[in-house]
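Novice: Sharing a structure, written as structure tokens. Questions coming.
The values are calculated or read from the model by the stated rules, or taken from the named source; none is laboratory data. All values reported here derive from a predicted model rather than from experimental measurement. Neighbour counts run over all protein chains shown; Cβ positions are idealised from the backbone, glycine included. We work out accessible area using only protein heavy atoms, side chains counted, and drop any ligands, DNA or RNA first. Shrake-Rupley method; radii C 1.70, N 1.55, O 1.52, S 1.80 Å.
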Amino acid sequence: MKLIKTSLFSGIITLIRISSGFISSKVIAIYTGTSGVALVGAFSNFISIVLTFANGAINTGVIKYTAEYDEDKEKLKSLFSTSLKISFYCSGIVGILLLLFSSFFSNLVFVTDTYSYLIKIFGGTIILYSLNSLLIAILNGKKQIKVYTIVNTIGSIVGLLFTLILVYFFKLEGALYALVLSQSIVFFVTVFMIAKSDWYNINYFKNRFDVDIFKKLSHYSLMAIVTALTVPVSQIVLRNMLIGSLGIESAGIWQGMMRISDGYLMLITSSLATYYLPKLASLHTDEELRFEIKQGYKIILPAVFFSCIVIYFLRFLIIRVLFTSDFNQMSDLFFYQLLGDFFKMSSWILGYLLLAKSMTKLFIITEIIFSFLYVVFGFLFVEYFGIVGITIAFAVNYFLYLLCMIIVFRKLLFKL
């Protein structure tokens, strides 16, 4: 599978995701305002954290070892069977916790127990969400990119339809319920598509629990848990800081900026997730790795740079089309946010080597350090520069992370 070919399929997914995501953002902005956008962002972060624990944080490991064991059916059977059991038990435990402590989690995320029933619905459907993410990880690892594209496309469309209908009738509550329900429905589509695949056999999921497979997956679980706790939590801390110092409207404006950033970068991040992780996991020599990294930089960085330039000069139009006049202050955030995006993608191309080669300790250390620095920079720069400071913090943090990755992989990059 070539990077360009994968990028084309990823592009299909991405265009639909971007379109549906931006339409959803527009609808949410119109019906709920800046405060609604901020609360939807907070709940999205909470969902990301919970879902990581709900499937045992094994998705990255499943992708890596599915690609690695692709020619060994017995190992695949052990991998898929063990992964299914982990996802089932973990999602069951997390679901019960959400049901029992729904008021606590509602207060934690929304500072009110009004949405405790929403948390209960999330707890009741999380097993479908968890199993769906596992099956998609298997498709990714097996490089079933066409089926992967179809499933993700359907997921985006279902999510958009849920958002449009529920937001129209129920405003903010509708937007929150759409986040919970849409991916649970897609599980049934994913099962149907996988059942039609040539490689599929129910016996792949019937083996006993394999302790050795569990130990291998646990390395990736640890890395995924750290990411789940550092990235969304750092955003939650920064969002609360903005609310406390500048008001919830400023937090909503920043959240809108993040949605634009995440949206247009989705093509790149999708290509990295669907191509680089399984590809890098299958390579063993420095020469192969060096060639693949160089190809990534040749293709990805020019695309990111061009996108940043276009988005910056169209920022006023983008705000007007995607949001409302309440978000006009967002125009001040674009320069440093886009600069940070460029540094982010430059560093991630190297950062995926940490995942592909199970460099667990270094991955955890860097995730914790740079998430902590992001929060520190955010507090400092917002104090001196106002809301623009949070994007300056983003850019500075990823520039330092890029330097760190270059130092870590200097022998691979600069062969002497």
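Novice: When we measure straight from the Cα of Lys298, which lysines land under 20 angstrom away, once same-chain ones fewer than 8 places off are left out?
Specialist: Reachable lysines: Lys2, Lys5, Lys279, Lys344, Lys411, Lys415.
Novice: A follow-up question, please. List the residue ranges in the chain for DSSP H helices whose C-alpha atoms run 20 angstrom or more along the long axis and whose Kyte-Doolittle average is 0.0 or above.
Specialist: Span-like helices in the chain: 3-54, 73-100, 116-141, 145-195, 211-245, 286-313, 334-356, 360-385, 388-408.
Novice: With r as the distance between the Cβ atoms of Leu373 and Asp262 and R0 = 22 Å, compute the FRET efficiency 1/(1 + (r/R0)^6) and round to 0.05.
Specialist: E(calc), rounded to 0.05, equals 0.60.
Novice: Compute a Gaussian network model of the chain, connecting alpha carbons closer than 10 Å, and tell me which residue from Phe343, Phe377, Phe313 fluctuates the most.
Specialist: Per the Cα network of the chain with a 10 Å cutoff, Phe313 tops the list.
Novice: Springs between alpha-carbon atoms under 10 Å, Gaussian network over the chain: tell me which of Glu71, Glu292, Glu383 tops the mean-square fluctuations.
Specialist: Result: Glu71 has the largest fluctuation of those listed.
Novice: For the chain, compute Rh as the Kirkwood radius over C-alpha pairs and then the Stokes-Einstein diffusion coefficient at 37 °C and 0.692 mPa s; write the answer in µm²/s, rounded to an integer.
Specialist: 149 µm²/s
Novice: If you average the alpha carbon positions of the stretch 169-203 and of the stretch 84-157, how far apart do those two centres end up, in angstrom?
Specialist: Each part's Cα centre sits 10 Å from the other's.
Novice: Once you have the Cα-Cα distance between Phe305 and Ile225, take 0.36 nm times their residue separation minus that, and quote the gain in nm to one decimal.
Specialist: That works out to 25.7 nm of additional length.
Novice: Oh, and also: Residue farthest toward the positive end of the dipole of the chain, with Cβ of Lys/Arg at +1 and Asp/Glu at -1: which of Phe394, Asn45, Ile311?
Specialist: Comparing the listed Cα positions along the dipole, Ile311 ranks first.
Novice: Given the alpha-carbon gyration tensor of the stretch 52-147, what are the semi-axes of its equivalent ellipsoid in whole angstrom, ordered largest first, with each equal to the square root of 5 times an eigenvalue?
Specialist: For the stretch 52-147, the semi-axes come out at 33, 12, 9 Å.
Novice: On full extension of the chain, what length is gained from Ser245 through Asn201, given 0.36 nm per residue of separation minus the C-alpha to C-alpha distance?
Specialist: 10.3 nm
Novice: Moving on to the next point. With N denoting the number of residues in the stretch 109-230, provide Rg(C-alpha) divided by 2.2 N^0.38 Å, to two decimal places.
Specialist: The reported ratio for this selection is 1.26.
Novice: Moving on to the next point. Under a 10 Å cutoff between Cα atoms, tell me which one of Leu217, Leu362, Leu118 has the largest fluctuation in the Gaussian network model of the chain.
Specialist: Leu362
Novice: Can you give the accessible area per residue of the chain, in Å², using a 1.4 Å probe?
Specialist: Per residue, the chain has an accessible area of 45 Å².
Novice: Quick one: if you stick a label point 7 Å off each Cα along the C-beta vector at Val233 and Ser44, how many nm between them?
Specialist: 2.1 nm
Novice: Using a Förster distance of 60 Å, how high is the FRET efficiency between Phe88 and Phe316, based on the Cβ-Cβ distance and rounded to 0.05?
Specialist: 0.75
Novice: Farthest toward the dipole's positive end in the chain, which of Ser156, Phe334, Val375, given Cβ charges of +1 (Lys, Arg) and -1 (Asp, Glu) about the Cα centre?
Specialist: Of the listed residues, the answer is Ser156.
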